[in-house]
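What follows is a short report on a single structure.
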Amino acid sequence: MASTHASKIAASKARGNELKILVQRRDTIIASKNEQYAIELKSLTEKVALVATRDLTIKKIEAELAKSRSLMKQLLEGTARLKRERDDQRTEMANLASQIDVLDRQAAEAESENKKALFKLEEISELEDEQQVETNNIYIGKIEAQRGIIDFLAARLGVEIVEIETEAEEAEAGL
């Protein structure tokens with residue numbers, strides 16, 4: 001019986017040792033799994049942080065794109081406004097050129113009238129009628145006054161044309 005009891009104790013110790021080994025294996029497997037889970041959790045945390053950073057970067061890029069679109073819209077509006085102003089200036093320059101042509105024709109007509117008047121003056125100067133000479137002098141005075149006015153207007157238009165051309169060049173240089 002003692003040997004049966006000793007064999008039961010030995011079997012029980014062997015079983016206890018087997019259980020200890022199984023518990024140690026289980027603990028080792030659990031520790032290994034916990035380590036794997038910790039590594040996976042760290043990896044997932046890093047991935048979440050990367051996704052959050054990427055989302056933040058995307059939002060920043062979208063904000064910058066919105067600003068860029070706004071600036072582009074302002075630039076296009078400014079360019080269109082400058083083009084309209086340039087077209088208006090060109091129209092104004094064309095109108096002034098037309099006015100200059102009219103004034104040139106008027107100046108040519110006045111010059112022709114001056115020549116006619118001078119010719120008439122020469123004819124009249126031969127006459128001894130003082131009243132006729134006075135009338136011619138008045139006519140010549142009017143012509144000279146017209147010529148002075150025409151010269152003044154032509155000079156003023158010349159100055160305005162130079163100013164408009166300068167503004168147009170500055171506007172085109174600004175584009």
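Remarks
- Residue within region 12-24 that is surrounded by 10 or more Cβ atoms within 10 Å (Cβ to Cβ), of a type in the set (Ser, Thr, Tyr) and at pLDDT 85 or above present: no
- Matching residues in region 64-122 - criterion: being within 30 Å of Ile140 (Cβ to Cβ) and of a type in the set (Val, Ile, Thr): Ile100, Val102
- Gln36 falls short of the stated requirement of being in contact with a helix residue (DSSP H, G or I) (Cβ under 6 Å, 6 or more places away or on another chain), polar (S, T, N, Q) and at pLDDT 85 or above.
Residue by residue, here is whether (1) more than 30 Å from Ile161 (Cα to Cα); (2) among the β-branched types (Val, Ile, Thr) holds:
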residue: Ser43; (1), (2): yes, no
residue: Leu50; (1), (2): yes, no
residue: Arg54; (1), (2): yes, no
residue: Ile58; (1), (2): yes, yes
residue: Leu65; (1), (2): yes, no
residue: Asp88; (1), (2): no, no
residue: Thr91; (1), (2): no, yes
residue: Leu96; (1), (2): no, no
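- Output for region 153-175, where each listed residue is within 13 Å of Arg90 (Cα to Cα), touching a residue at least 12 places away in the same chain (Cβ under 8 Å) and among the hydrophobic types (A, V, I, L, M, F, W, C): Ile161, Ile164, Ala168, Ala171
- Residue match in region 81-90 (condition: basic (Lys, Arg) and either at positive phi or more than 45 Å from the chain's Cα centre (by Cα) (or both)): no
- Thr28 exposed (fewer than 10 other Cβ atoms within 10 Å of the Cβ) and of a type in the set (S, T, N, Q): no
- Candidates Gln74, Gln132, filtered to the one that is polar (S, T, N, Q), surrounded by 10 or more Cβ atoms within 10 Å (Cβ to Cβ) and at pLDDT 80 or above: Gln74
- Total residues in region 117-129, condition modelled with pLDDT of 70 or more and surrounded by 12 or more Cβ atoms within 10 Å (Cβ to Cβ): 4
- Any chance Thr4 is polar (S, T, N, Q) and surrounded by 10 or more Cβ atoms within 10 Å (Cβ to Cβ): no
The values are calculated or read from the model by the stated rules, or taken from the named source; none is laboratory data. Values in this document were obtained by computation on a predicted structure and should not be read as measured data. Ideal geometry is used to build each Cβ from the backbone, glycine not excepted, and the neighbour counts take in all protein chains shown.
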